[in-house]
Amino acid sequence: MPNIVVLIELTHTGHVPASARGLLAVAARLGTPVAVTVSAGALDPVTIAVLGGLGAARIHAAQTEAAHTVLGTPMVDALADAVAAHAPSAVLAAASVDGREAAGRLAVRTGGGVLADVVDASLADGRIVTEHSVFGGSYTVHATVPDVLPIITVRSGAVDDQAPAATPEVTTVQLAPATGSQTTIDSYADAPENLSRPELRGAATVVSGGRGLGSEENFVLVEQLADALGAAVGASRAAVDAGFISQTAQVGQTGVSVSPQLYVALGISGAIQHRAGMQTAKTIVAINQDEDAPIFEIADLGIVGDVFTVVPQVIELLKNRS
Amino acid sequence: MKIVVLIKQVPDTAEERRLEPDTGRLDRDANEPVIDEITERALELALTVKDKDKSTEVVVLTMGPSEASKAIRKALSMGADSGIHVLDDALSGADLTITSAALAAALRNTDADLVIAGNESTDGRAGIVPAMIAEHLGYPLLGSLLSADITHGMVTGERQTEAGTQNVRAPFPAVLTVTEGFDEARFPNFKGIMGAKRKPVATLSASELGVGSTPRSSVLDLAERPARAAGRKIVDGGAAAAELVDFLTAQRLI
Ligand SMILES: Cc1cc2nc3c(=O)[nH]c(=O)nc-3n(C[C@H](O)[C@H](O)[C@H](O)COP(=O)(O)OP(=O)(O)OC[C@H]3O[C@@H](n4cnc5c(N)ncnc54)[C@H](O)[C@@H]3O)c2cc1C
């Protein structure tokens with residue numbers, strides 16, 4: 001089986017990111033998953049166990065003092081080193097801020113080809129074929145890199161399954177210090193980890209709020225319904241711009257693309273740029289005062305009504321059920 | 001200081017966007033072409049630097065078909081000093097590899113202190129071209145910034161990642177990308193529109209840039225998803241909440 005190199009973006013606190021599961025699952029379908037990590041010191045046994053549990057057959061553990069003080073380059077160096085050592089038939093990275101930059105830079109260094117923001121990848125006739133969801137799911141496109149190393153970024157939350165667990169064989173390599181001009185990371189401010197709610201990317205249920213919520217205080221209603229449904233919280237751009245919630249919750253064209261089983265839109269008009277991020281949801285429910293709101297054109301169940309009247313009743317009914 | 005801003009012409013997202021069924025390429029006739037919103041914000045950042053220090057030179061660079069010259073003209077009318085248009089029929093259907101190689105080659109001769117781009121475009125959404133350009137040029141990359149402070153041969157800024165934010169810095173020359181959190185672009189005024197006509201725009205072909213035009217990736221097939229149909233719509237007369245819960249129960253969603 002060919003090796004598939006997978007970039008695991010360990011955080012500066014040593015955490016395995018949520019994207020690792022899906023990346024390793026895709027890698028296991030295409031070949032033998034080789035996880036590439038970058039850390040300042042020796043890799044933590046807990047990290048090794050977690051990556052093994054997610055299906056890493058090998059770990060290419062790169063070490064450098066600059067792991068978390070130089071931006072990007074240590075990851076690119078580690079990947080280039082892993083490509084040379086394992087002669088993979090593909091490289092996978094998350095379509096995250098760091099992952100896509102590392103993928104692009106690696107492609108230039110290795111002369112590889114890039115397949116970006118894929119939602120799936122499989123083997124067909126011995127070659128790797130990627131699936132892309134384009135223009136908010138309006139099109140499904142298949143693509144391939146025929147002659148050179150395919151470097152693939154995978155949309156977070158797009159892959160559901162998990163690879164069978166493995167006991168990883170760990171190779172530790174020391175990276176040479178980066179040469180040339182670099183970007184320095186002076187400090188980190190980590191977003192508080194949200195343990196009580198599912199992550200927006202990949203969540204089975206998403207409750208999103210829009211400008212119709214009116215204020216940051218009122219936006220709590222969205223969170224209350226989300227909690228009653230065990231859902232992640234999303235938002236329209238207008239809600240983000242108005243400061244009701246942080247940008248990381250934005251769903252749509254320039255935000256996160258979600259494909260949950262259930263998407264509930266509260267006080268959202270359903271502008272085309274918002275629909276581009278959620279119209280592939282299995283079931284869509286919308287509550288909006290305006291009976292002509294475009295969101296109703298795609299909602300499986302549309303309620304013309306006031307969110308401040310309907311949503312508290314829904315929460316109450318859900319409480320009574322359980 | 002010399003700043004080159006990468007601008008991209010994209011189909012307006014206010015209408016349904018289309019792909020050509022045979023090639024998988026963008027159907028450019030289906031929508032009004034506009035400057036991608038985030039690259040317009042990138043230009044705004046460069047123009048704010050120029051507002052503070054008049055000696056700053058702002059160049060816009062784009063690769064695209066001949067109609068992309070309109071995007072350059074608009075940027076010039078907003079206040080950019082000159083434009084570079086990478087224009088070559090051989091480059092139509094270029095993938096990330098070709099696009100980044102061509103833009104990097106065009107940048108090599110500009111002696112830019114800073115290259116500013118959007119973190120991702122609304123059509124491709126790969127978010128990769130600026131990183132590839134930085135690697136081609138050997139410049140440090142400051143990607144996905146929420147803020148940028150550009151002074152004394154140095155860029156510092158706050159960068160958004162999935163895990164939180166980071167404070168980063170790099171010396172000139174550097175490539176930085178802005179997110180949509182940056183200020184909206186200014187409108188061109190009458191004086192700007194008149195002045196734009198006299199500003200220089202250079203045109204460069206693939207062969208002048210010494211880049212090939214064979215893509216590394218290829219589209220195998222595409223399928224259009226049927227449009228979603230509207231479902232049931234009810235007007236709340238007091239019972240809508242109960243109907244919603246019944247619906248979710250029937251669909252086994254709760
Ligand atoms: C390049 C570009 C990219 C964009 N990217 C995105 C993106 O990624 N995501 C995104 O969401 N948008 C995006 N937008 C913005 C988009 O065009 C819309 O402006 C935005 O989605 C509107 O958000 P909204 O539905 O919350 O607000 P509005 O359009 O203002 O809708 C608010 C709705 O709330 C309803 N309402 C008000 N009060 C109540 C109440 N008490 N009960 C029930 N309903 C109520 C109103 O009837 C109205 O329909 C983008 C725009 C551009 C130009």
What is the number of the single condition among (1) closer than 19 Å to residue B:94 by Cβ; (2) basic (Lys, Arg); (3) exposed (fewer than 15 other Cβ atoms within 10 Å of the Cβ) that residue B:197 does not meet? (1)
Selection over segment A:166-177 where residues are touching a helix residue (DSSP H, G or I) at 6+ places or on another chain (Cβ under 6 Å) and open to solvent by 80 Å² or more (accessible area, probe 1.4 Å) yields a count of 1
Could you check segment B:125-149 and list, in sequence order, the residues that are more than 7 Å from chain A (Cβ to nearest Cβ) and either assigned to a strand (DSSP E or B) or of a type in the set (Lys, Arg) (or both)? B:145, B:146, B:147, B:148, B:149
Verdict on residue B:202 being more than 14 Å from every other protein chain (Cβ to nearest Cβ), outside any loop (DSSP other than H, G, I, E, B) and open to solvent by 20 Å² or more (accessible area, probe 1.4 Å): yes
Among A:293, A:299, A:228, A:239, which is the only one that is at pLDDT 95 or above, surrounded by fewer than 21 Cβ atoms within 10 Å (Cβ to Cβ) and among the small types (Gly, Ala, Ser)? A:228
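Conditions (1) of a type in the set (A, V, I, L, M); (2) modelled with pLDDT of 95 or more; (3) surrounded by fewer than 19 Cβ atoms within 10 Å (Cβ to Cβ), marked per residue:
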position	(1), (2), (3)
A:73	no, yes, no
A:112	no, yes, no
A:116	yes, yes, no
A:140	no, yes, yes
A:153	no, yes, no
Residue check: is residue A:280 surrounded by fewer than 23 Cβ atoms within 10 Å (Cβ to Cβ), closer than 21 Å to residue A:230 by Cα and touching a residue at least 60 places away in the same chain (Cβ under 8 Å)? yes
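Which of the strands (runs of 3 or more DSSP E) found entirely inside segment A:159-266 contain at least 2 residues meeting this: more than 14 Å from chain B (Cβ to nearest Cβ)? Even if it seems obvious, please write down each step before you answer.
Working: elements: A:169-174, A:184-190, A:205-209, A:232-235, A:262-266.
Those strands (runs of 3 or more DSSP E) span A:169-174, A:205-209, A:232-235.
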Considering each residue of segment B:25-40, count those that are open to solvent by less than 20 Å² (accessible area, probe 1.4 Å) and either more than 23 Å from residue B:103 (Cβ to Cβ) or not in a strand (DSSP E or B) (or both), and give that number. 4
As an exercise: evaluate residue A:297 against (1) closer than 22 Å to residue B:17 by Cβ; (2) under 25 Å from the mean Cα position of the chain (by Cα); (3) more than 9 Å from the ligand (Cβ to nearest atom); (4) at the interface with chain B (Cβ under 9 Å from one of its Cβ atoms) and give the number of the one condition it does not meet. (2)
Specify the residue that is farthest from the other protein chains (Cβ to nearest Cβ); the eligible residues are those in segment A:279-290 that are within 9 Å of the ligand (Cβ to nearest atom) and part of a loop (DSSP other than H, G, I, E, B). A:290
Please indicate, with yes or no, whether at least one residue in segment A:302-312 is more than 8 Å from chain B (Cβ to nearest Cβ), open to solvent by 20 Å² or more (accessible area, probe 1.4 Å), within 13 Å of the ligand (Cβ to nearest atom) and over 28 Å from residue B:182 (Cβ atoms). yes
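Strands (runs of 3 or more DSSP E) wholly in segment A:1-97 with at least 2 residues that are touching a residue at least 24 places away in the same chain (Cβ under 8 Å), farther than 25 Å from residue A:157 by Cα and of a type outside the set (Ser, Thr, Tyr) - which ones?
Counting at least 2 such residues, we get A:58-63.
The values are calculated or read from the model by the stated rules, or taken from the named source; none is laboratory data. Bear in mind that the values here come from a model prediction, so they are computed numbers and not experimental data. Cβ: placed from backbone, ideal geometry, glycine included. Neighbour counts: every protein chain shown. These accessible areas exclude ligands, DNA and RNA; they are computed on the full protein's heavy atoms, side chains included. Shrake-Rupley method; radii C 1.70, N 1.55, O 1.52, S 1.80 Å.
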